[in-house]
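Enquirer: Can you keep this structure in mind? I'll have questions shortly.
The values are calculated or read from the model by the stated rules, or taken from the named source; none is laboratory data. All values derive from a computational prediction rather than experimental measurement. Cβ atoms come from the backbone with ideal geometry, glycine included; neighbour counts cover every protein chain shown.
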C-alpha cells in the first residue's frame, strides 16, 4: 500500500469497486455476527460487476462530493488471521490482501480484492450470512444476487477477460538469457579408475581423523562427470508477469527442448545437478547432505515420456504480479548446434495455452578423451579439481 493509492481512492465516491469504512471491523474478539460483517463485504466486493481491483478502505469517512475524511482505525487485524478466517468459509478459494498503513498521521487499513472468477459464496450459514447465497455489491450497497445474475457472472468472466502474460527467460543472476553460448563438450571414452588417496606415515591425530573419513573410490569418475556437465552447462530461470486485469490461478509453465542439429541435450532440475565431488567422505557429511534434499521444488523435470518435459508451477498470480522460478532448469548440450525451447503457459482462466519458442545456438569443440586425456585437459585449464 502507498500514499499514492490512498490519495486516488479518497477523491472518489463509493461505487461497485470502492467501499469506505469509518471504523475497523470488530473482528478480534468479535462474535459470529460481528465477524460476518467483514466476510459479507469481502464476498460482495469479490462478486461485484467491475473491471479492475476492488477496495475496502478502513479509517475513511465518505464525504461525497468532497474527499473522504481520514478518521483512522484503532484496532489492528493480522492479514494471516483474516485470510484463514475468510477462506475457511468461502467457496471457491478467494484471493484478497489486507494491509495497514500510516496515512496523514493515522493508521488506516486497505482490503484489496482483485478481479477473479466468480461467483463466491459460503457453504454454511454464518452470523448474518445465509448459506449458498451470492452477495454482490451494487453502488454503495450490498444485495443478494438473483439466480440469473449468478449464471451471468460465470459466463461473463469466462468470455470477457483478456489474458496478457509476459514470459522472461533469464540467467540465475536475473540477466536476459543470451542466444549464443561457447562451451567445451567432453566425451569420456573410458571408465575412469578407482581413487585411492596415497598413504603416508600418520600421527595419532591423523589416525583419529581417518577413522571417520573414507576414500571416495568413485571420486575420479564423479569428477569427470562433474567437469563434463559444468563445461557445457546452461542454467535457465523463468519469470511470468500477469498484465491481465484479473487474477490467474493454477498457473503452470511447460518447457520442451528440440535439438535442431541432431545433437543430444540433457535436461535436469538445477538443484539435482552433481555437486563438486570430494576425494574423501564421512557418514556425517552424507547425513547432512540428505537433509538438504528434503525440499519440494516448484520446477520439476519429467523424463518418463518420449521427450523430457519441464514444468514450473507458479500457483496464483494477481493482476500486475510476477512469479519467479526459485530453481533453475539445467540444459546440457552434448555438442554444438541449435536448440529450440518450446514454451506453453497454462492457467485455469485460459481457454487454450499461450505458446512461444526460443532458439539458442551453442558453439565449441567436441573433445573425446580417455583418463589420460582428461588429466591433460584439466592441466591445460589450470584448474585444481583433481587435487586430492
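Enquirer: Could you say which residue among 151, 163 is surrounded by 11 or more Cβ atoms within 10 Å (Cβ to Cβ) and assigned to a loop (DSSP other than H, G, I, E, B)?
Expert: 163
Enquirer: Still on this structure, please answer the following. Out of all the residues in the stretch 141-148, is one or more over 35 Å from the mean Cα position of the chain (by Cα), assigned by TED's automatic domain parsing to the domain that holds residue 25 and assigned to a helix (DSSP H, G or I)?
Expert: The answer is yes, given that some residue of the stretch 141-148 is over 35 Å from the mean Cα position of the chain (by Cα), assigned by TED's automatic domain parsing to the domain that holds residue 25 and assigned to a helix (DSSP H, G or I).
Enquirer: For residue 192, all conditions in the list (1) touching a helix residue (DSSP H, G or I) at 6+ places or on another chain (Cβ under 6 Å); (2) part of a loop (DSSP other than H, G, I, E, B); (3) under 30 Å from residue 313 (Cα atoms) hold save one; what is the number of the exception?
Expert: (3)
Enquirer: What are the pairs with Cβ atoms under 6 angstrom where one residue, in the stretch 129-153, is free of Cβ contacts under 8 Å to residues at least 60 places away in the same chain and the other, located anywhere, is loosely packed, with under 14 Cβ neighbours inside 10 Å and in a strand (DSSP E or B)? Sequence gap at least six, or different chains.
Expert: 133/144
Enquirer: So, one more: If residue 274 meets every condition in (1) modelled with pLDDT under 90; (2) in contact with a helix residue (DSSP H, G or I) (Cβ under 8 Å, 6 or more places away or on another chain) apart from one, which number is that one?
Expert: (1)
Enquirer: Is one or more of the residues making up the stretch 175-183 modelled with pLDDT under 95, surrounded by 15 or more Cβ atoms within 10 Å (Cβ to Cβ) and assigned by TED's automatic domain parsing to the domain that holds residue 17?
Expert: no
Enquirer: So residue 25 ticks every box in (1) closer than 30 Å to residue 155 by Cβ; (2) touching a residue at least 12 places away in the same chain (Cβ under 8 Å) but one. Which box is left unticked?
Expert: Residue 25 satisfies all of (1) closer than 30 Å to residue 155 by Cβ; (2) touching a residue at least 12 places away in the same chain (Cβ under 8 Å) except (1).
Enquirer: Among the residues of the stretch 233-255, are any in a helix (DSSP H, G or I) and either over 30 Å from residue 348 (Cα atoms) or at pLDDT 95 or above (or both)?
Expert: No - not one qualifying residue is present in the stretch 233-255.
Enquirer: Would you mind stating whether residue 334 is in contact with a helix residue (DSSP H, G or I) (Cβ under 9 Å, 6 or more places away or on another chain) and in the same structural domain as residue 232 (by TED's automatic domain parsing)?
Expert: Yes.
Enquirer: Further, regarding this structure: Can you tell me how many residues within the stretch 308-328 are over 14 Å from the mean Cα position of the chain (by Cα) and under 20 Å from residue 297 (Cβ atoms)?
Expert: Residues flagged as over 14 Å from the mean Cα position of the chain (by Cα) and under 20 Å from residue 297 (Cβ atoms) within the stretch 308-328 amount to 3.
Enquirer: For the stretch 16-99, please list each of the strands (runs of 3 or more DSSP E) lying entirely inside it that holds at least 2 residues being surrounded by fewer than 20 Cβ atoms within 10 Å (Cβ to Cβ).
Expert: Hits in the stretch 16-99: 60-63, 66-70.
Enquirer: Taking residue 316 as the residue in question, decide whether it is part of a strand (DSSP E or B) and either touching a residue at least 60 places away in the same chain (Cβ under 8 Å) or touching a helix residue (DSSP H, G or I) at 6+ places or on another chain (Cβ under 6 Å) (or both).
Expert: yes
Enquirer: Can you pull out the residues in the stretch 1-15 that are within 32 Å of the chain's Cα centre (by Cα) and surrounded by 14 or more Cβ atoms within 10 Å (Cβ to Cβ)?
Expert: Once the filter is applied, which keeps residues that are within 32 Å of the chain's Cα centre (by Cα) and surrounded by 14 or more Cβ atoms within 10 Å (Cβ to Cβ), the stretch 1-15 yields 1, 5, 6, 9.
Enquirer: In addition: What strands (runs of 3 or more DSSP E) completely inside the stretch 319-388 contain at least 1 residues that are free of Cβ contacts under 8 Å to residues at least 40 places away in the same chain and exposed (fewer than 13 other Cβ atoms within 10 Å of the Cβ)?
Expert: Because the criterion is at least 1 residues that are free of Cβ contacts under 8 Å to residues at least 40 places away in the same chain and exposed (fewer than 13 other Cβ atoms within 10 Å of the Cβ), the strands (runs of 3 or more DSSP E) in the stretch 319-388 that meet it are 354-369.
Enquirer: Would you say residue 151 is under 27 Å from residue 88 (Cα atoms), over 32 Å from the mean Cα position of the chain (by Cα) and assigned by TED's automatic domain parsing to the domain that holds residue 58?
Expert: yes
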